[in-house]
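Engineer: I have a structure I would like to understand better, so I am pasting it below and will then ask my questions one at a time.
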Amino acid sequence: MLNRRQFLSAATGAAMVLGGPRAFAPTYDLIIRGGRVIDPSFRLDAIGDVAISGGRIAAIDATIAGEAAKTINARGKLVVPGLLDIHTHTARSAEGPGLVLQDGVTGWIDAGSQGADRIGETIAVARSAPQQGRVLINIGRAGILPEGDTMDLKRADVGAARAAIAKNRDFVVGVKARLSRDVAGANDYEVLRRAQAVATSFGLPVMIHMGQTISPFPKLVDLLKRGDIVTHMFAPPPNSIIDDNGHILPEVLAARRRGVWFDVGNGQTGHMRWDTVAAIMKAGFWPDTFSTDWNTESHETGVIDLPNCMSKLFGYGMTLEEAIACGTVNAARIFPLFNDRGTLNVGAPADVALLELREGKFEFLDNYKNKITGRQRLFPSATVLGGRWVPRA
Ligand SMILES: [Zn+2]
């Protein structure tokens, strides 16, 4: 990592090599000027400038002197680290990665769209994505099935999943187990046990899709190890993370204590109901990460985009800074490929999301057509990926 002075001397050196100082040589490739820069990774919330060179954050300061090949006026906008969405189905279609990039998403995980039989299809999309994209392999070898991924227990094939991961270590970053009664039926516990057997043999996390399971949730969550992820944490009963008296289950508290992550996974059906959200938020059990459970239809559903999902808990007491942390630095901690992401630290890859925080009356949908009204909503405005400006279409 270069500090600003080192960076400037390096830039001057380059100019000399190119044939002496140039009167108007740009100091930076890009400067984003005058936005409200919010970066929870180092507790920054201030009006300022962000300068980028060579695809990395070169400087961040109240005012940055110097020229740039391109300047973006961000006045009135939020300038935050590029957003990370850890539960999507971006890799189900070739156009997915480009679409979520428009929403400010500079890193995504496809959470189990495919299993061992056709994992190559999602990996091909991830490989050609403009931003970082990786996949979780569905423990059901045929991936997501309308009749239920692992209703037939033979589909939870440990050998097939291990072989598929061994061939694709660079793109498979975990194992997904969908456990609802319409997905796994009474097999939920055994499916998770097998997913864990696959994951632990490679040192990878398991992500479980919780909610409406046949097995009691405590029995399932007890199988999760440090670094595993529970998605759909706001799923209503049966088998939510909270009891009828408003107490978070002790096994859930224990899971968080041992390092299991809890993720929103907005989605469309069965994952989020406002009364359950209210009870869980009131109990003080807040999410580590937001995620969309995105697919190409999401603009027509209550999901819309990650900034919209990040706006849904403002009415339950979450601050703007906390919401941005859930969509950036917190997500970066979960998957090693995001180690240097989710931050605007000098030297970090220059992935930046420009957002608008609008004030007014905004309707937010759960998965049951219930609406709440909020006073603020985040909208995507533009994205910078690896220092490259991506205007919103
Ligand atoms: Zn999903």
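Engineer: Rank these by accessible area, largest first, 1.4 Å probe: 300, 322.
Structural biologist: Ranked list, largest accessible area first: 300, 322.
Engineer: Right, here's the next one. Remind me, relative contact order of the stretch 111-264 in percent, using alpha carbon pairs under 8 angstrom and six or more residues apart?
Structural biologist: Once normalised by length, the contact order is 18 percent.
Engineer: Quick check: the angle from helix 158-167's long axis to the longest principal axis of the chain, C-alpha only, nearest 10 degrees?
Structural biologist: Its long axis makes an angle of about 20 degrees.
Engineer: Additional query: Expressed as cubic angstrom per residue, what is the convex hull volume of the alpha carbon set of the stretch 102-155?
Structural biologist: Expressed per residue, the convex hull around the Cα atoms of the stretch 102-155 is 75 Å³.
Engineer: Here's another thing I want to ask about it. Please work out the FRET efficiency for the pair residue 254 and residue 316, using the Cβ-Cβ distance as r and a Förster radius of 35 Å; give the result to the nearest 0.05.
Structural biologist: E(calc), rounded to 0.05, equals 0.90.
Engineer: For residue 30, list long-range residues whose amide hydrogen, built 1.01 Å from N in the peptide plane, is under 5 Å from its own amide hydrogen.
Structural biologist: 52, 69, 70
Engineer: Multiply the residue separation of residue 93 and residue 278 by 0.36 nm, subtract the distance between their alpha-carbon atoms, and state the gained length in nm to one decimal.
Structural biologist: 63.2 nm
Engineer: Going Cα to Cα from residue 282, which aspartates and glutamates come in below 14 Å? Please leave out same-chain ones fewer than 8 positions away.
Structural biologist: Those aspartates and glutamates meeting the cut-off are 243, 244.
Engineer: Any idea how far the Cα center of the stretch 278-353 sits from the one of the stretch 84-129, in Å?
Structural biologist: 17 Å
Engineer: Using 1/(1 + (r/R0)^6) with R0 = 51 angstrom and r between the beta carbons of residue 67 and residue 373, what's the FRET efficiency to the nearest 0.05?
Structural biologist: The formula returns an efficiency of 0.65 here.
Engineer: Also, quick follow-up: How tilted is helix 188-202 with respect to the longest principal axis of the chain? Cα atoms for both, answer in degrees (0 to 90, nearest 10).
Structural biologist: Taking Cα atoms only, the helix is inclined about 40 degrees.
Engineer: Rounded to a whole number, what % of the accessible area of the stretch 240-390 do carbon and sulfur atoms account for, probe 1.4 Å?
Structural biologist: Of all accessible area on the stretch 240-390, carbon and sulfur atoms account for 48 percent.
Engineer: Now a separate question. How much accessible area per residue does the chain have, counting only protein heavy atoms and a probe of 1.4 Å, in square angstrom?
Structural biologist: Result: 41 Å² per residue.
Engineer: Sort 377-390, 234-247 by the packing proxy (mean of other Cβ within 10 Å over each peptide's residues), most packed first.
Structural biologist: Highest mean packing first, the order is 377-390, 234-247.
Engineer: Okay, moving on. Could you tell me the extents of the chain's C-alpha atoms along the three principal axes, largest first, rounded to whole Å?
Structural biologist: 73, 48, 36
Engineer: Using only the Cα atoms of the stretch 46-187, what are the Rg and Dmax in Å?
Structural biologist: According to the Cα coordinates of the stretch 46-187, Rg and Dmax are 19.9, 64 Å.
Engineer: Residues with beta-carbon under 12 Å from that of residue 216, excluding residue 216: net charge, scoring Lys, Arg +1 and Asp, Glu -1?
Structural biologist: -3
Engineer: Still on this structure, I have one more. Between Rg and the Kirkwood Rh of the stretch 222-324, both from Cα atoms, what is the Rg to Rh ratio?
Structural biologist: Using Cα coordinates only, the ratio equals 0.95.
Engineer: Now, a different point. Report Rg (one decimal) and Dmax (nearest whole number) for the stretch 185-264, counting Cα atoms only, units Å.
Structural biologist: Looking at the stretch 185-264, its Cα Rg and Dmax stand at 12.0, 40 Å.
Engineer: Provide the packing ranking of 122-130, 323-331, 53-61, i.e. peptides ordered by the mean count of other C-beta atoms within 10 Å per residue, highest first.
Structural biologist: Ranked from most to least packed, the peptides come out as 323-331, 53-61, 122-130.
Engineer: To the nearest 20 debye, what charge dipole does the chain have about its Cα centre, counting +1 at the Cβ of each Lys and Arg and -1 at the Cβ of each Asp and Glu?
Structural biologist: Once rounded to the nearest 20, the dipole reads 720 debye.
The values are calculated or read from the model by the stated rules, or taken from the named source; none is laboratory data. Here the structure is a predicted model, which is why all the values come from computation and not from measurement. Note: ideal-geometry Cβ built from the backbone for every residue, glycine included; neighbour counts use all protein chains shown. For the accessible areas, the whole protein counts, side chains as well, though only heavy atoms, and no ligand, DNA or RNA atoms are used. Shrake-Rupley method; radii C 1.70, N 1.55, O 1.52, S 1.80 Å.
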